[in-house]
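The values are calculated or read from the model by the stated rules, or taken from the named source; none is laboratory data. Remember, it's a predicted structure, so these values are computed and weren't measured experimentally. Backbone-built Cβ (ideal geometry, glycine too); neighbour counts: all protein chains shown.
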Amino acid sequence: MGRISLRSVARQAAIYSVGKCLSGLVNAWIHTVDCKIARRDPLGDPAMYGFKDPTIFVIWHEYMLVPTCCRQGCDLVLLASQSADADWIVGLGNHFGYSSVRGSSKRGGSEAALKMVKQLRGKSFVITPDGPRGPRRVAQNGCLYLASMLGAQIVPIGVGYERPFRFHGAWDKFAVPRPGARARLVLGEIMRVPKKVSKEEIEVLHKRLQDVLVDVTTEAEEWVEHGEKRDDEHPFYTTFRETLWP
């Protein structure tokens, strides 16, 4: 029993230390990247004055690095799975200033789901709708049910990196921008889900969410590939909540 406890303490210490080192490295790395954002609705950005809680930000798992890094001072929550692998993401997120809520659509049953909803009420958080195990770029409908129960709006985010490093052995082909390269983000229009929503409505909204995520991601990837300047582009950098004006 003691050995298990010691192993657990050692693991937590490792997660903390690695997270601290990685957060410094990632911050320095991202500051070399040319990051720009185009917002279809400025009030979907937590750095904008007038942003309202609760909001659910949805982004493909492979592209979560730059958006989460650049909005680390915006009082957001990171929704992570209950898997052991997610401990490392939570550890890094903590050093980025994110609090975390652990949840799963497949573990813990209704009691765990209700507990998760209670923890998230009134908060804005980040979700990767194709995580934690994929399939890649296929959105699950869990964020729609959460939006309905929490009265939250949904903001889809599309991201593209210029010739990124990719972990091809990972299920999502996780992407890391090259130092000095371009990164482009497209903030989609705000989606709203009724508080009382039927199964049929969820199916319609699910298809819409999938289509919108594909649309904004394609737009961001084509933008970063061609490198053209846009009239609606703005610098995207680390900042704090409600410090920018629309």
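General observations
- Any pair with Cβ under 6 angstrom, 6 or more apart, that starts in the range 218-246 at a residue that is under 22 Å from Ala175 (Cβ atoms) and ends at one that is at pLDDT 95 or above and part of a helix (DSSP H, G or I): none
- All positions within the range 121-161 that are modelled with pLDDT under 95, outside any loop (DSSP other than H, G, I, E, B) and within 13 Å of the chain's Cα centre (by Cα): Phe125, Val126, Ile127, Cys143
- Contact annotation: residue pairs with Cβ atoms under 8 Å, 6 or more positions apart or on different chains, pairing a residue in the range 127-144 that is farther than 12 Å from Ile59 by Cα with a partner that is aromatic (Phe, Trp, Tyr) and surrounded by fewer than 22 Cβ atoms within 10 Å (Cβ to Cβ), are Arg133/Trp171; Gly134/Trp171; Pro135/Trp171.
- Residue within the range 175-198 that is of a type in the set (Asp, Glu) and closer than 16 Å to Gln140 by Cα present: no
- Within the range 1-49, if we keep just the residues that are hydroxyl-bearing (Ser, Thr, Tyr), surrounded by fewer than 19 Cβ atoms within 10 Å (Cβ to Cβ) and in contact (Cβ under 8 Å) with a residue 24 or more places away in the chain, the residue that is farthest from Ala84 (Cα to Cα) turns out to be Tyr49.
- Tally of residues being out of contact with any helix residue (DSSP H, G or I) (no Cβ under 7 Å at 6 or more places or on another chain), surrounded by fewer than 16 Cβ atoms within 10 Å (Cβ to Cβ) and not in a strand (DSSP E or B) across the range 191-213: 10
- Residue within the range 61-71 that is in a loop (DSSP other than H, G, I, E, B), of a type in the set (Phe, Trp, Tyr) and within 13 Å of the chain's Cα centre (by Cα) present: no
- A Cβ distance below 8 Å, combined with a sequence gap of six or more or placement on separate chains, defines the contacts here; from the range 166-184, residues that are closer than 19 Å to Thr218 by Cα reach residues that are of a type in the set (Gly, Ala, Ser) and outside any strand (DSSP E or B) in the pairs Asp172/Gly131; Asp172/Gly134; Arg182/Gly227; Arg184/Ala220.
- Top-ranked residue in the range 77-102 [being touching a helix residue (DSSP H, G or I) at 6+ places or on another chain (Cβ under 8 Å) and part of a loop (DSSP other than H, G, I, E, B); ranked as surrounded by the most Cβ atoms within 10 Å (Cβ to Cβ)]: Tyr98
- Here is the figure for the range 103-120: residues that are assigned to a helix (DSSP H, G or I), within 24 Å of Arg71 (Cα to Cα) and modelled with pLDDT under 80 total 0.
- Total residues in the range 145-158 satisfying the condition of being crowded, with 24+ Cβ neighbours inside 10 Å and free of Cβ contacts under 8 Å to residues at least 60 places away in the same chain: the figure is 0.
- Here Cys70 fulfils each of the conditions (1) buried (at least 20 other Cβ atoms within 10 Å of the Cβ); (2) more than 19 Å from Glu221 (Cα to Cα); (3) not aromatic (Phe, Trp, Tyr) apart from (2).
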